[in-house]
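*Asks:* What follows is a structure written as structure tokens; I'll ask about it next.
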Amino acid sequence: MPIPIIRKITASDASSFQALRLEGLANHPCEFGTALEEEADLSLPDIERRLEDGQIYGVFVGTKLAAIAGFRRFDRLKKRHKAELFGVYVGQDSRGQKLGEAVVRHVIAVAKNEAEQLLATVASLNHPAKALYAKLGFRQFGHEPRAHKVGDRYFDQDHLVLMLSCIEAD
Ligand SMILES: CC(C)(COP(=O)(O)OP(=O)(O)OC[C@H]1O[C@@H](n2cnc3c(N)ncnc32)[C@H](O)[C@@H]1OP(=O)(O)O)[C@@H](O)C(=O)NCCC(=O)NCCS
């Protein structure tokens, strides 16, 4: 396997980003806050803008985009010390190779330069993601019953925080 490269995803990656993102939304309707139908019809220019304006990182194995994760800092004056992790996804055929851990570690390292705390939300039943976040130091501070409704079913979510100011530099 080629050595994985982690870098910011740019407008030129829009097609491969969209394909991986839609794979995630299609296969994991209970794990993401966005529904597939909310993104399925986005145009490539929409995606390109989102990538240029945002901070989304990817793991590339050779030319293949295998894992993605992003963060955004809150804008408002009293919340600017916080950022939120979002869109963590590893392609089905790339799981279990530490690529999810690598991309989230990278996001943490970048977010540390911009914020003091990194928030995450995770479906309470999503044990792989919860184990990943716990391994990286996130702690649960809340639980929201019925946070998402998918069809007729409700899904709880856990709220997590990682204190970035307490992390040692690599
Ligand atoms: C959760 C997810 C990102 C993990 O990615 P991955 O690349 O397969 O995981 P990694 O190989 O990097 O594993 C890192 C750690 O995650 C945890 N983990 C990963 N897969 C796991 C599994 N199937 N069961 C339990 N823990 C798991 C473990 O703590 C693991 O560390 P360890 O191997 O030292 O025990 C991936 O399964 C995924 O994309 N799931 C669907 C989308 C999703 O749930 N996104 C998160 C939304 S909040």
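The values are calculated or read from the model by the stated rules, or taken from the named source; none is laboratory data. Predicted, not measured: the structure shown is a model, and the values here were computed from it. Here the Cβ positions follow ideal geometry from the backbone for every residue, glycine too, while neighbour counts run over all protein chains shown. The area values use the complete protein model at the heavy-atom level, side chains included, leaving out ligands, DNA and RNA. Shrake-Rupley method; radii C 1.70, N 1.55, O 1.52, S 1.80 Å.
*Asks:* Among Gly151, Tyr89, Ala111, whose Cα projects farthest towards the positive end of the dipole of the stretch 5-166, with charges put on the beta-carbon of Lys, Arg (+1) and Asp, Glu (-1)?
*Replies:* Among Gly151, Tyr89, Ala111, the one farthest towards the positive end of the dipole of the stretch 5-166 is Ala111.
*Asks:* According to a simple spin-label model (label point 7 Å from Cα along Cα-to-Cβ), what is the distance in nm between Met163 and Arg139?
*Replies:* 0.6 nm
*Asks:* How big is D for the chain, in µm² s⁻¹ as a whole number, if Stokes-Einstein is applied with the Kirkwood radius of its Cα pairs at 10 °C and 1.306 mPa s?
*Replies:* Result for D is 96 µm²/s.
*Asks:* Please compute the length gained on full extension between Glu38 and Glu23, using 0.36 nm multiplied by the number of residues separating them and subtracting their Cα-Cα distance.
*Replies:* Result: 4.1 nm gained on full extension.
*Asks:* At Ala11 and Asp152, where each label point lies 7 Å from the Cα along Cα→Cβ, what is the point-to-point distance in nanometres?
*Replies:* In this crude label model, Ala11 to Asp152 measures out at 4.7 nm.
*Asks:* Picking from Asp13, Asp156, Asp75, which is most flexible by a Gaussian network model of the chain using Cα springs under 10 Å?
*Replies:* Among Asp13, Asp156, Asp75, the largest GNM mean-square fluctuation belongs to Asp75.
*Asks:* Another question, then. With a 1.4 Å probe and all protein chains left in place, how much of the accessible area of the stretch 5-166 comes from carbon and sulfur atoms, in whole percent?
*Replies:* Accessible surface attributable to carbon and sulfur in the stretch 5-166 totals 51 percent.
*Asks:* Oh, and also: Given the options Glu37, Glu114, Glu52, which has the most mean-square fluctuation in a GNM of the chain, springs set between C-alpha atoms less than 10 angstrom apart?
*Replies:* Largest GNM mean-square fluctuation: Glu37.
*Asks:* Find out how many positive minus negative residues lie around Ala19, taking Lys and Arg as positive, Asp and Glu as negative, among other residues whose Cβ is under 15 Å from that of Ala19.
*Replies:* Charge balance near Ala19 sits at -4.
*Asks:* Within the set of other residues whose C-beta is less than 13 Å from the C-beta of Leu42, count the net charge using Lys and Arg as +1 and Asp and Glu as -1.
*Replies:* Surrounding charge for Leu42 is -3.
*Asks:* Moving on to the next point. GNM on the chain, C-alpha springs below 10 Å: top fluctuator among Leu36, Leu44, Leu132?
*Replies:* Leu44
*Asks:* With every protein chain present, what is the per residue accessible area of the chain (1.4 Å probe, Å²)? Present the calculation step by step, with values, prior to reporting the outcome.
*Replies:* On the way: 9680 Å² over 170 residues.
Ligands and nucleic acids excluded, the figure is 57 Å² per residue.
*Asks:* Can you tell me how much longer the chain between Arg49 and Asp75 gets when fully stretched, taken as 0.36 nm per residue apart minus their C-alpha distance, in nm with one decimal? Write out the running numbers ahead of the final one.
*Replies:* Values: separation 26, 0.36 × 26 = 9.36 nm, distance 1.86 nm.
Result: 7.5 nm gained on full extension.
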